[in-house]
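Written below as structure tokens is the structure these notes are about.
What follows is calculated from the coordinates using simple rules that are stated; it is not laboratory data. All values reported here derive from a predicted model rather than from experimental measurement. Here the Cβ positions follow ideal geometry from the backbone for every residue, glycine too, while neighbour counts run over all protein chains shown.
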Amino acid sequence: MKQLFVFLGLVAFVMACGGGDSVSPEMLAAAEKTYKQHCVVCHGPDGKLALNGAKKFSESTLSQGERETVIKNGRNLMTAFGGILKPEEIKAVAAYTIELGKK
Ligand code: HEC
């Protein structure tokens, strides 16, 4: 019985890691909260508000990595979130902006 729990724990751990570099649905769900808390004011709930010269996410051509850099370091009127969000949160919220852009 004890082994079973250890095994289930391992499965949960592997699932939480999302199999390496990809962003899991759980991370995206958490990123939605991050986004609503920190990003909606300028980017809007659908990523199309485009306040202060921000680009609509649906028109953005930036890659996942480039988005992470903008979010971490900021750019022009965009706030730098490197000191506010954890690296995993930045990664997840960057992926979330890609998802928003598809809508
Ligand atoms: C104070 C307003 C503001 C907030 C808050 C803000 N942004 Fe921005 N964001 C901007 C502006 C302005 C730009 C355009 C920067 C420029 O001039 O290059 C931008 C650009 C971006 C870009 C690059 C888009 C592109 O294709 O050029 C991404 C990605 C982005 N923001 C994501 C986020 C995320 C994620 C958050 C929340 C963690 C966030 N932003 C919070 C104002 C904001």
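Lysine pairs in the range 27-101 with Cα distance under 19 Å, only those 8 or more apart or on different chains: how many are there? Value for the range 27-101: 17. Taking a sphere under 10 Å around the Cβ of Phe57 and counting the other residues whose Cβ falls inside, with K and R at +1 and D and E at -1, yields a net charge of +3.
Rounded is the label for the range 27-101. Its Cα gyration tensor axes, ordered a ≥ b ≥ c, give a/c under 1.5.
Counting Lys and Arg as +1 and Asp and Glu as -1 over every other residue whose Cβ lies under 15 Å from the Cβ of Val70, the net charge comes to +2. Label separation (Lys55 vs Asn76): 1.0 nm, computed from points 7 Å beyond Cα along the C-beta direction. For Cα pairs less than 8 Å apart in space and 6+ apart in sequence, what is the mean separation divided by the residue count of the range 27-101, i.e. the relative contact order in percent? Relative CO of the range 27-101 lands at 37 percent. Once both labels are positioned 7 Å from their Cα atoms along Cα-to-Cβ, the gap between Cys42 and Glu88 label points is 2.6 nm.
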